[in-house]
Amino acid sequence: EIAALKEKAGRLDEETKQTEADLARLTGQNEEFKTAASRVEAALPEFELAVRALHDRFPLVLQETLEPLMGRLPKDGSAIKASISERMQAVVGVLSQVDKFNGALTVVPELRTNPAGKEVQVRTLYLGLAQAWFVSLDGGFAGHGIPGATTWEWSPANEIAPEVKQAIDIQQGAGVAAYVSLPVQLK
């Protein structure tokens, strides 16, 4: 019995040493996590501010998509109720949606003001966040847009209406695939 107890005590001693080693390792990891969390917390307001500043420069369709995530970001000077992880999740979610939009061709119905000052229903083809082209439903009003300093800048160009309509039809699966030449403006 004494030998069995000594053996049991030896195993308990080994288990205690292993537990102490595990505790030391976990304590070290906990400190690393706390350091990382404090770095994220320090950088997060800058990210949130940058995301808010970019929001108005996005196309309206993307702004509408981002609205639920933007609502989770603190407003300037407001008390922060959300946890660090919730705030970081909102920032990453916004960036993910922006990246998704930027990597796709998107066709959306919108309203544009024609040169006569009348609002006209158009279909707009966005090439990510780089370019966009629009055409009215009757094909009489068309143009293109690029991102500007504070919002998108739109220019009428009625002569491109057939090409824009063809490109939109192709994108929506209503036309036969073909190369379509559209004007591109680089800044």
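The values are calculated or read from the model by the stated rules, or taken from the named source; none is laboratory data. Everything quoted here is computed from the prediction, not taken from an experiment. Ideal geometry is used to build each Cβ from the backbone, glycine not excepted, and the neighbour counts take in all protein chains shown. Surface areas here come from the heavy atoms of the whole protein model, side chains and all, with no ligands, DNA or RNA. Shrake-Rupley method; radii C 1.70, N 1.55, O 1.52, S 1.80 Å.
Assuming R0 = 22 Å, can you tell me the calculated FRET efficiency for the pair TRP152 and LEU95, based on Cβ-Cβ distance, to the nearest 0.05?
Values: r = 20 Å, r/R0 = 0.90.
Using R0 = 22 Å, I get an efficiency of 0.65.
What are the lysines whose alpha-carbon lies under 30 Å from the alpha-carbon of LYS187, with same-chain residues fewer than 8 places away excluded?
List returned: LYS100, LYS118, LYS165.
Calculate what fraction, in whole %, of the accessible area of the range 55-169 sits on carbon and sulfur atoms when a 1.4 Å probe is rolled over the protein chains. It would help to have the intermediate numbers written out before the result.
Numbers: 3360 of 6120 Å².
Accessible surface attributable to carbon and sulfur in the range 55-169 totals 55 percent.
Taking the Cα-to-Cβ direction at GLU14 and at LYS75 and moving 7 Å from each Cα, how far apart do the two end points lie in nm?
Between GLU14 and LYS75, the simple spin-label model gives 6.4 nm.
For a quick check of understanding: with a 1.4 angstrom probe and all protein chains in place, what accessible area in square angstrom does ILE2 have, to the nearest ten?
120 Å²
Any idea of the accessible area per residue across the chain, 1.4 Å probe, to the nearest Å²? Provide the component values of the computation, followed by the final result.
Values: 12290 Å² over 187 residues.
Result: 66 Å² of accessible area for each residue.
Mind giving me the nanometre distance, one decimal, between the label points for VAL184 and ALA21, set 7 Å out from Cα along Cα→Cβ?
It is 6.0 nm.
Quick one: ranking GLU67, GLU46 by accessible area, 1.4 Å probe, largest first, what do you get? Each step should come with its number before you reach the end.
On the way: GLU67 100, GLU46 135 Å².
Sorted descending by solvent-accessible area, the residues read GLU46, GLU67.
Working out 0.36 nm times the residue gap between LEU111 and ALA174, then minus their Cα-Cα distance, what length gain in nm do you get to one decimal?
Values: separation 63, 0.36 × 63 = 22.68 nm, distance 2.19 nm.
Length gained, LEU111 through ALA174: 20.5 nm.
Using the Karplus curve 6.51 cos²θ - 1.76 cosθ + 1.60 with θ = phi - 60°, what ³J(HN,Hα) values do you get for each residue of the range 105-114, in whole Hz, with x for Gly and Pro?
Calculated HN-Hα couplings, in order: 8, 10, 10, 9, x, 8, 10, 10, 8, 7 Hz.
So what are the ³J(HN,Hα) numbers for the range 172-187, from phi and the Karplus equation (6.51, -1.76, 1.60; θ = phi - 60°), rounded to whole Hz, Gly and Pro as x?
Each residue of the range 172-187 in turn: 8, x, 9, x, 7, 4, 7, 7, 10, 8, 10, x, 10, 10, 10, 10 Hz.
Once you have the Cα-Cα distance between GLU46 and GLU7, take 0.36 nm times their residue separation minus that, and quote the gain in nm to one decimal. Mind dumping the intermediate values first?
Values: separation 39, 0.36 × 39 = 14.04 nm, distance 5.91 nm.
Value of the extension gain: 8.1 nm.
Using only Cα atoms and rounding to the nearest 10 degrees, what angle (0 to 90) does helix 60-70 make with the longest principal axis of the chain?
That works out to roughly 20 degrees.
Describe numerically, in nm with one decimal, the distance between label points set 7 Å from Cα along Cα→Cβ at GLN121 and at ILE84.
Calculated label separation equals 5.0 nm.
Using the Kirkwood radius over Cα pairs, work out the Stokes-Einstein diffusion coefficient for the range 122-187 at 37 °C and 0.692 mPa s, in µm²/s as a whole number. Could the numbers behind the result be given before it?
Numbers: Rh = 12.0 Å.
Value of D from the Cα-based Kirkwood radius: 273 µm²/s.
Any chance you could look up the accessible area of ASP13 with a 1.4 Å probe, heavy atoms only, rounded to 10 Å²?
About 80 Å², ignoring ligands and nucleic acids.
Which FRET efficiency value, to the nearest 0.05, is calculated for PHE33 and GLU67 with the Förster distance at 35 angstrom and r the Cβ-Cβ distance? Mind showing how you got there, number by number?
Details: r = 32 Å, r/R0 = 0.92.
It comes to 0.60.
Which lysines, on any chain, are close to LYS34 with Cα under 22 Å apart, when same-chain ones fewer than 8 places away are left out?
Result set, ordered by chain and number: LYS81.
Which of THR19, ALA9, VAL40 sits farthest toward the positive end of the charge dipole of the range 1-80, with +1 on the Cβ of Lys and Arg and -1 on the Cβ of Asp and Glu?
In the range 1-80, that residue is VAL40.
Among 36-44, 16-24, how do they line up from the highest to the lowest mean number of other beta-carbon atoms within 10 Å? Walk me through the numbers before you get to the answer.
Numbers: 36-44: 12.3, 16-24: 10.0.
Descending mean neighbour count gives 36-44, 16-24.
Any idea what the dipole of the range 48-187 comes to, in debye rounded to 20, about its Cα centre with Lys/Arg Cβ at +1 and Asp/Glu Cβ at -1?
Using Cβ point charges on Lys, Arg, Asp and Glu, the range 48-187 gives about 300 debye.
Got a sec? Charge dipole of the chain, +1 on Cβ for Lys and Arg, -1 for Asp and Glu; which of SER136, GLY173, GLY148 is way out at the positive end?
Going by the Cα projections, it comes out as SER136.
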